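Engineer: Take a look at this one; I'll ask things after.
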């Protein structure tokens with residue numbers, strides 16, 4: 001009976017060990033990973049130092065999956081890391097992956113979530129960022145600490161040298177050193193008095209500000225300040241308007257004087273020609289004036305010689321007598337022209353053959369009206 005119980009207990013232990021082995025295989029082995037559900041994606045990184053299968057995948061400090069496998073990309077372009085994201089966790093395709101390593105070398109794949117884009121699905125690939133090595137940060141920190149300590153050491157030596165110089169100055173100067181200290185004390189006292197004066201001045205200014213009348217005046221000034229600013233703005237706008245008008249006027253002047261500037265050469269040439277013509281005309285008028293003022297000139301004689309006047313007067317009288325004598329002739333011509341106009345047959349062939357004596361008492365044909 002004891003042998004059977006012992007065999008039973010051994011059998012139970014063997015079955016338990018076999019079940020534990022199967023559980024461990026499915027839990028941590030490749031076969032177990034194939035049966036796990038979730039979203040399988042991949043990450044491409046240039047360096048996967050510190051990443052191994054079963055390395056946890058975290059996002060915002062929470063484990064959301066694990067690394068399943070790593071595989072080199074052809075031509076040494078990087079490493080492709082296969083991830084299994086557990087159910088209930090997701091992020092967007094534009095997210096990034098970064099490897100974080102501790103001082104002991106343990107790595108964790110951190111997901112840096114994006115704020116826009118579509119959710120990931122199985123088969124997607126996201127981009128990995130360069131790995132941040134904590135040892136490099138420690139090395140940089142060590143360099144900075146070393147530099148800071150060196151600076152402190154240099155500063156300490158300079159302060160020690162300054163103290164030694166002051167000690168030598170005071171020990172070797174004797175009475176002069178004491179005088180220097182006394183002058184420093186006097187300077188400090190004067191500085192103290194100056195600060196007291198400044199404090200008194202500030203107190204007086206405070207009492208002045210506390211004066212109700214001063215406060216009223218300040219309040220009135222502050223009240224009038226907006227009106228003053230408005231008037232200043234209005235004045236500036238008026239000045240701006242005047243400047244614009246002046247600018248417009250200058251532009252109009254430029255437009256008006258532009259043709260003059262373009263035709264200035266022609267205008268000057270024409271003015272020069274006109275001045276030459278005026279000079280020639282002035283010279284000719286001067287010549288005519290000289291001729292008129294000459295003593296032996298015709299015009300001068302006509303204006304000043306009385307003989308010329310008497311001759312002209314006599315000629316006018318002769319012309320008057322001649323015109324008086326021509327009056328009968330003109331009257332006869334009027335009668336003749338009147339007869340010819342009324343009886344043109346008088347100028348026929350008979351008139352040509354049979355001449356007339358030319359006297360006024362000739363025979364008048366029948367029917368011809370008597371002479372007036």
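Engineer: Taking residue 343 as meeting all but one of (1) surrounded by 10 or more Cβ atoms within 10 Å (Cβ to Cβ); (2) modelled with pLDDT of 75 or more, write down the number of the exception.
Structural biologist: So residue 343 meets the others, but not (2).
Engineer: Somewhere in the stretch 58-65, is a residue modelled with pLDDT of 90 or more and surrounded by fewer than 14 Cβ atoms within 10 Å (Cβ to Cβ)? Let's see the steps before the verdict.
Structural biologist: Going residue by residue through the stretch 58-65, those that are modelled with pLDDT of 90 or more are 58-59, 62-65.
Then keep just the ones that are surrounded by fewer than 14 Cβ atoms within 10 Å (Cβ to Cβ); that gives 62-63.
Yes.
Engineer: What's the number of the only condition in (1) at pLDDT below 85; (2) closer than 17 Å to residue 55 by Cα that residue 134 fails to meet?
Structural biologist: Residue 134 satisfies all of (1) at pLDDT below 85; (2) closer than 17 Å to residue 55 by Cα except (2).
Engineer: Considering only the stretch 67-88, state which residues are more than 18 Å from residue 121 (Cβ to Cβ) and surrounded by 19 or more Cβ atoms within 10 Å (Cβ to Cβ).
Structural biologist: Keep residues of the stretch 67-88 that are more than 18 Å from residue 121 (Cβ to Cβ), which gives 67, 69-79.
Residue satisfying the conditions is 67 alone.
Engineer: Would you confirm whether or not the stretch 321-330 contains a residue that is loosely packed, with under 10 Cβ neighbours inside 10 Å and modelled with pLDDT under 70?
Structural biologist: No; the residues of the stretch 321-330 include none that is loosely packed, with under 10 Cβ neighbours inside 10 Å and modelled with pLDDT under 70.
The values are calculated or read from the model by the stated rules, or taken from the named source; none is laboratory data. These figures come from a predicted structure and were not determined experimentally. As a convention, Cβ positions derive from the backbone with ideal geometry for all residues, glycine included, and neighbour counts pool all protein chains shown.
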